[in-house]
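Just below is one structure, and these are the notes that go with it.
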Amino acid sequence: MSLDKPYTDVPGTTVFDADMSRLGYHLNQFCMSLMKADNRARFKTDERAYLDEWPMSEEQKQAVLARDLNRCIVLGGNIYFLAKIGATDGKSFQQMAGSMTGMSEEQYRDMMVSGGRSVEGNRYVGEKK
Amino acid sequence: MAHISASVYTSHVPAIGAALDLGKTAEPYWQPVFKGYDFSRQWLKDHKPDVVFLIFNDHATAFSLDMIPTFAIGTAAEFMPADEGWGPRPVPKVVGHPRLAAHIAQSVIQDDFDLTIVNKMDVDHGLTVPLSLMCGQPQAWPCPVIPFAVNVVQYPPPSGRRCFMLGKAIRRAVESCDEPLNVQIWGTGGMSHQLQGPRAGLINREWDTAFLDRLISDPEGLAAVPHIDYVREAGSEGIELVMWLIARGAMSDVNGGDKPTVRHRFYHVPASNTAVGHLILENN
């Protein structure tokens, strides 16, 4: 029997469910390790060496090195965990969220100040905007 | 006998805490957000409870993927503000109320809700930002706080219906406590926001407004709204709003009593990536 997943047709959105959590377990636990200052320092000194301490896939490691958060999410990353990478890099949550939208930091900030992204045309994949 | 006198609902955006801690509250960007809580800070001074039962979610801080409790009640004597990667917020430690927390835990579990009991937990912005918004920057928080963490990080969170029923069980638990405690219940998180993917930045003022309306006048109907509606209409992180239904379920009117008085209502876009919503309901 398969699980009911009514959320797969929401555009630009990955729901972090049990399957994604399984896929991203080590990626997210690596992120969690960055909550400790010592680990942040070791990661910054040699990112690749630090990542190699974790049983993550090569794809996941490359996505982290490239700071490609959308790719990290496809590979099972959850935004609250990925935010620890942003904190390590000194990025705000708004900078992180904006980086996934294809907009510049200013464009994203302006969009938020003007009331945010409209839900119109953003409810279903393939919906006409 | 202990009783629930009021419920408070508020967003818990981390950037609000940062703005407060860094002294940015008077900046034009932040000024309207904090102004929306001027009334609330005075109200809390005038209606100081003995205990706040504070419903929030942990954001991969105290709970990693090691353990994912759906409902976790903090029964410790104190809880330290967590280091979320930027260092702990410069706010007072949170003093718990172990006696009432243990009483509620035992009562609610016997009432068929399988809570996880947590005796050691750091608390993140989900808990400390609502305290800051409601109390300002005191040397110590005005009263003990019972932290109650809900999983909304890994899907599925508990349903709105389950949250609403849990609120009723918490009310029964509080009312079965012999001590004459004045308890407020706070539901936090939301409103519409999405922090991930190409759809990040989603805000739905219309949906949020309807949510506030129904939370006041039709909470039972609102509790039937399925998760997918939150995700689609209010963003993937807007689903935090199910936590507000726990606080609402603990109010008198949905347990055979009178309608609450709406003491305060506030809505503002944006705080960082998020729509800020806030309500104060007093029991009559």
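Computed values, structure above
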item: Cβ neighbours within 10 Å from other chains - mean over A:110-123; result: 6
item: Relative contact order computed over chain A (Cα-Cα under 8 Å; 6+ residues apart), in percent; result: 30
item: Relative compactness, the protein assembly as shown, computed as alpha-carbon Rg over 2.2 N^0.38 Å; result: 0.94
item: Burial ordering of B:Ser40, A:Ser57, fewest other beta-carbon atoms within 10 Å first; result: A:Ser57, B:Ser40
item: Taking only Cα atoms of chain B, radius of gyration then Dmax in Å; result: 17.1, 52
item: Relative contact order (percent, whole number), chain B, Cα cutoff 8 Å, 6+ residue spacing; result: 31
item: Rel. contact order, % - alpha carbon contacts under 8 angstrom, at least six apart, the stretch B:65-166; result: 40
item: Cα→Cβ-extended label distance, 7 Å offset, between A:Lys44 and B:Ala26, nm; result: 3.2
item: Protection-proxy order for peptides B:15-25, B:127-137, B:154-164, each taking the mean of Cβ atoms within 10 Å per residue, highest first; result: B:127-137, B:154-164, B:15-25
item: Whole-percent pair-distance distribution, where bins are 5 Å wide, for the alpha carbons of the stretch A:18-89; result: 3, 19, 34, 28, 13, 3, 1
item: Spherically averaged projected area of chain A from its Cα convex hull (nm²); result: 9.5
item: The stretch A:43-129: chymotrypsin sites (Phe, Trp or Tyr not before Pro) in DSSP loop, at most 14 other beta carbons within 10 Å; result: A:Tyr124
item: Proximal lysines relative to B:Lys35, as straight alpha-carbon distance under 16 Å, when same-chain residues fewer than 8 apart are discounted; result: B:Lys24
item: Theoretical gain in end-to-end length, B:Asp38 to B:Tyr267 [0.36 nm per residue, Cα-Cα removed]; result: 81.1 nm
item: Calculated Rg and Dmax of the stretch B:191-284 using C-alpha coordinates, Å; result: 13.7, 46
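Coordinate-derived values only; no laboratory data. Since we're looking at a predicted model, the values are computed, not measured. Glycine gets a Cβ as well: all are built from the backbone with ideal geometry, and neighbour counts include every protein chain shown.
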